[in-house]
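To start, the structure under review is shown below, and the notes come after it.
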Amino acid sequence: MSQPVAELKFERRASLRAHNSFGLPAVAATLVRVNSEAEVRRVVDHPEFGVGPKLILGGGSNLVLTRDVAAVVLKVEIMGRRLVRETSEAWIVEAGAGESWHDFVAWTLQQGWPGLENLALIPGLVGAAPVQNIGAYGVELKDRFDSLDGIDLVTGRAVTLDARHCAFGYRDSVFKHVLAGKTLITRVRLRLPRPWQPVLGYLELQRCVHYSGNATPDAQTVFDWVCAVRRAKLPDPQVIGNAGSFFKNPVVSAEQCRDIIGRDPSIVHYPLPDGSAKLAAGWLIDACGWKGKSIGRAGVYERQALVLVNRGGAIGAEVMTLARAIQESVYGRFGIRLEPEPVIL
């Protein structure tokens, strides 16, 4: 039952099933909804909520819950979208951390500010995008990042961080390490370069170019292509529970890549500027025969082996049992240890 305490809305023994896209059962001892920077500060100053560990929760699209949560769960619901400034070189746009990421991408295109179209249809909220350094089809958040605002959950002070402070890596950032649970992101600003150039290097988009005969697509067309590709191979979390791509695409040395190609010439891989190569984790999993298989009520999606799904009533332990079995299979065949993308609690 929701109750107002010191102008904060909170729930005791709150179910988190509806707050994670996998639909996994878990209970938060306390869940507090924050709609503004001022409410975050009230949490910090609160005699009960301000002490102890915090779990920052956005859309729950990158989360695997294996147990109940004793930490105070802060459900981020800070809204707002705006153009900060426009120059001859870029548009700087801002969104509140509680905004839907995909809706924000669509909105920027509607306003005539392209640059995020390759990141369309990624589930989750804006505030989680820097945490994960989300990426798809040749673009990562760091490629479009300007800065973000947050609140220090120890002192209540406002902070502004640029890309250097965020320490972005492949599906990684400082918010997964030293700032995990310590800084709540409130607003994110992105820099959309001018003039706009399409990013079409990924195989799926090259196929779209080929089959459409359109070698010079505009940003809306790229957005539509990305949405179509994602919908064709990724399940809708509203229909079947999942957390999107479950494993990171492993990066290997050029020598390792040549060795694997020698044994499996059809492996999907992408050369990187430093000479290393990114391997398609979904291909590795599929090659081990996991597509469509299940352990208990957790399974591997039939159309995309990189996605683990809740077939109905699964618990977090079943998802992790399946994930570990896949890791062992891939390691046994290729000598590569897959690393999960979602946060596992």
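What's the number of the only condition in (1) in a helix (DSSP H, G or I); (2) open to solvent by 60 Å² or more (accessible area, probe 1.4 Å); (3) at pLDDT 95 or above that ARG231 fails to meet?
Unmet condition: (3).
Go through the range 175-200 and give me each residue that's of a type outside the set (Phe, Trp, Tyr) and farther than 21 Å from ILE56 by Cα. Don't jump to the end; show me each part of the working.
Keep residues of the range 175-200 that are of a type outside the set (Phe, Trp, Tyr), which gives 176-195, 197-200.
Those that are of a type outside the set (Phe, Trp, Tyr) and farther than 21 Å from ILE56 by Cα: LEU190, ARG191, LEU192, PRO193, ARG194, PRO195, GLN197, PRO198, VAL199, LEU200.
Could you list all residues from the range 121-145 that are closer than 20 Å to ALA243 by Cα and in a helix (DSSP H, G or I)?
Within the range 121-145, ALA128, ALA129, PRO130, VAL131, GLN132, LEU141 qualify.
May I ask you to list pairs of residues, at least six apart or on different chains, whose Cβ atoms are under 8 Å apart, with the first in the range 191-214 being over 30 Å from LEU83 (Cβ atoms) and the second being among the basic types (Lys, Arg) and open to solvent by less than 50 Å² (accessible area, probe 1.4 Å)?
none
THR66: out of contact with any Cys (no Cβ under 8 Å at 6 or more places or on another chain), hydroxyl-bearing (Ser, Thr, Tyr) and under 15 Å from ARG189 (Cβ atoms), yes or no? Break it down stepwise before answering.
Numbers: out of contact with any Cys (no Cβ under 8 Å at 6 or more places or on another chain): yes; hydroxyl-bearing (Ser, Thr, Tyr): yes; under 15 Å from ARG189 (Cβ atoms): no.
No.
Can you name the residue in the range 88-120 that is without any contact (Cβ under 8 Å) to a residue 40 or more places away in the chain and not in a helix (DSSP H, G or I) and is also most open to solvent (accessible area, probe 1.4 Å) among such residues?
Checking each candidate, the answer is GLN111.
If you check ARG164 against the conditions, is it open to solvent by 50 Å² or more (accessible area, probe 1.4 Å) and of a type in the set (D, E, K, R)?
Numbers: open to solvent by 50 Å² or more (accessible area, probe 1.4 Å): yes; of a type in the set (D, E, K, R): yes.
Yes: the conditions hold for ARG164.
Tell me which residues, restricted to the range 297-345, are among the polar types (S, T, N, Q) and within 26 Å of ILE260 (Cβ to Cβ).
GLN304, GLN327, SER329
Does GLY150 satisfy being open to solvent by less than 20 Å² (accessible area, probe 1.4 Å) and not aromatic (Phe, Trp, Tyr)? Give the steps one after another, and end with the answer.
Details: open to solvent by less than 20 Å² (accessible area, probe 1.4 Å): yes; not aromatic (Phe, Trp, Tyr): yes.
When the stated conditions are applied, GLY150 passes them.
Pull up the range 42-67, narrow it to residues that are among the charged types (D, E, K, R) and at pLDDT below 95, then point me to the one that is least open to solvent (accessible area, probe 1.4 Å).
Here is the first cut: in the range 42-67, the residues among the charged types (D, E, K, R) are 42, 45, 48, 54, 67.
Going one step further and asking which of them are at pLDDT below 95, we end up with 42, 45, 48, 54.
Values: ARG42: 79, ASP45: 120, GLU48: 83, LYS54: 26 Å².
So the residue we want is LYS54.
Would you point out the residue of the range 207-228, among those that are part of a loop (DSSP other than H, G, I, E, B) and closer than 20 Å to TRP196 by Cβ, that is most open to solvent (accessible area, probe 1.4 Å)?
Kept after step one, since they are part of a loop (DSSP other than H, G, I, E, B), are these residues of the range 207-228: 213-218.
Restricting the remaining residues to those that are closer than 20 Å to TRP196 by Cβ gives 214-218.
Details: ASN214: 47, ALA215: 75, THR216: 120, PRO217: 5, ASP218: 85 Å².
For the range 207-228, the residue satisfying everything is THR216.
Of (1) under 29 Å from SER61 (Cα atoms); (2) in contact with a helix residue (DSSP H, G or I) (Cβ under 8 Å, 6 or more places away or on another chain), PRO217 satisfies all except one. Which?
Going through the list (1) under 29 Å from SER61 (Cα atoms); (2) in contact with a helix residue (DSSP H, G or I) (Cβ under 8 Å, 6 or more places away or on another chain), PRO217 breaks only (1).
The values are calculated or read from the model by the stated rules, or taken from the named source; none is laboratory data. From a predicted model like this one, the values you see are computed outputs, not experimental measurements. Here Cβ is always computed from backbone atoms with ideal geometry, including for glycine, and neighbour counts include all displayed protein chains. When the accessible area is computed, the model is the full protein with side chains, heavy atoms only, and any ligands, DNA or RNA have been set aside. Shrake-Rupley method; radii C 1.70, N 1.55, O 1.52, S 1.80 Å.
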